[in-house]
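The values are calculated or read from the model by the stated rules, or taken from the named source; none is laboratory data. Given the structure is predicted, the values throughout are model-derived calculations rather than measurements. Here the Cβ positions follow ideal geometry from the backbone for every residue, glycine too, while neighbour counts run over all protein chains shown.
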Amino acid sequence: MGKIALLFAMILMPALSMAMTPEPTQQTSTAVSKELKKQLLGTPVYIQIFKEERTLELYGKIGNEFRLLDTYRICNFSGGLGPKRREGDFKSPEGFYSVRLNQLKPDSRFYRAINVGFPNQYDRDHAYTGNYLMIHGDCKSIGCYAMTDAYMDEIFSYVNAALRNGQPQVDINIFPFRMTDSNMQRHRYSTYASFWRELQPGYAYFAKYHQPPTVNVASGSYVMNGSPVMVNPVAASKSFLALSKAE
């Protein structure tokens, strides 16, 4: 009896191990040490936000790659998943945004604030409306991403230092969730599925290369690293595969 049980265990263990292993792009990076993080104040930075996971990730440039400096819990955001489309819908934006020095608000009534730059060109091309969409402190949100004051103090400090040290702009890429294939499949019937397929290549590019994607807008569509983003899921998959091979 014991030998039979052992045989079943040997057969089942590899399958169980595979089932418990997350997708490679779903694994979160390990943050640098606290000592190294302090030394990187002033290095170029990059931010990713994931709504469903209520997570903001701050990356700093080390050599030719952006490494995770820290992960912060989003205290509050409003409107659920999906892009902001009109003023008063209480949605927090999704998409590809960038921040310059004049978008920092050190004396905000919500402690400190970073204006994410909504509406961007994509939003304007689609006639989306709204203003003053921020990442800020005070843990209160009506369309913004609210953090605790302590978290906001740290995020603001790194963005401010990077911009004052010569980084032209800080990219802030905002996703509804970690855009793995399994998560995309889970949300495939959403009203926003077509829009999210436009965002996924940006998420995949950073996961692969540890560099923020270069994103522009042409004719109301995101153009990623020089190539238009296809909204057909099969075409989009082939397009990104070709991009990956052209490294």
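Which one is farthest from Leu199 (Cα to Cα) among residues in the stretch 135-150 that are surrounded by fewer than 22 Cβ atoms within 10 Å (Cβ to Cβ) and among the hydrophobic types (A, V, I, L, M, F, W, C)?
This residue is Ala150.
Could you list, in sequence order, all residues of the stretch 73-128 that are out of contact with any helix residue (DSSP H, G or I) (no Cβ under 9 Å at 6 or more places or on another chain) and at positive phi?
Passing the criteria: Gly79, Gly80, Gly88, Phe90, Ala127.
Which residue, of Leu56, Leu69, is within 24 Å of Glu198 (Cα to Cα), assigned to a strand (DSSP E or B) and modelled with pLDDT of 95 or more?
The match here is Leu56.
Let's see how each residue does on (1) without any contact (Cβ under 8 Å) to a residue 60 or more places away in the chain; (2) surrounded by fewer than 21 Cβ atoms within 10 Å (Cβ to Cβ):
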site: Glu154; (1), (2): no, yes
site: Val159; (1), (2): no, no
site: Gln169; (1), (2): no, yes
site: Phe177; (1), (2): no, yes
site: Gln185; (1), (2): yes, yes
site: Ser190; (1), (2): no, yes
site: Ala204; (1), (2): no, no
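Failed condition for Ile172, given (1) modelled with pLDDT of 95 or more; (2) more than 22 Å from Phe77 (Cα to Cα); (3) in a strand (DSSP E or B), with all others met?
Tallying (1) modelled with pLDDT of 95 or more; (2) more than 22 Å from Phe77 (Cα to Cα); (3) in a strand (DSSP E or B), Ile172 fails exactly one: (2).
Report the residue count in the stretch 91-125 for those that are part of a loop (DSSP other than H, G, I, E, B) and surrounded by 15 or more Cβ atoms within 10 Å (Cβ to Cβ).
Final tally of qualifying residues: 13.
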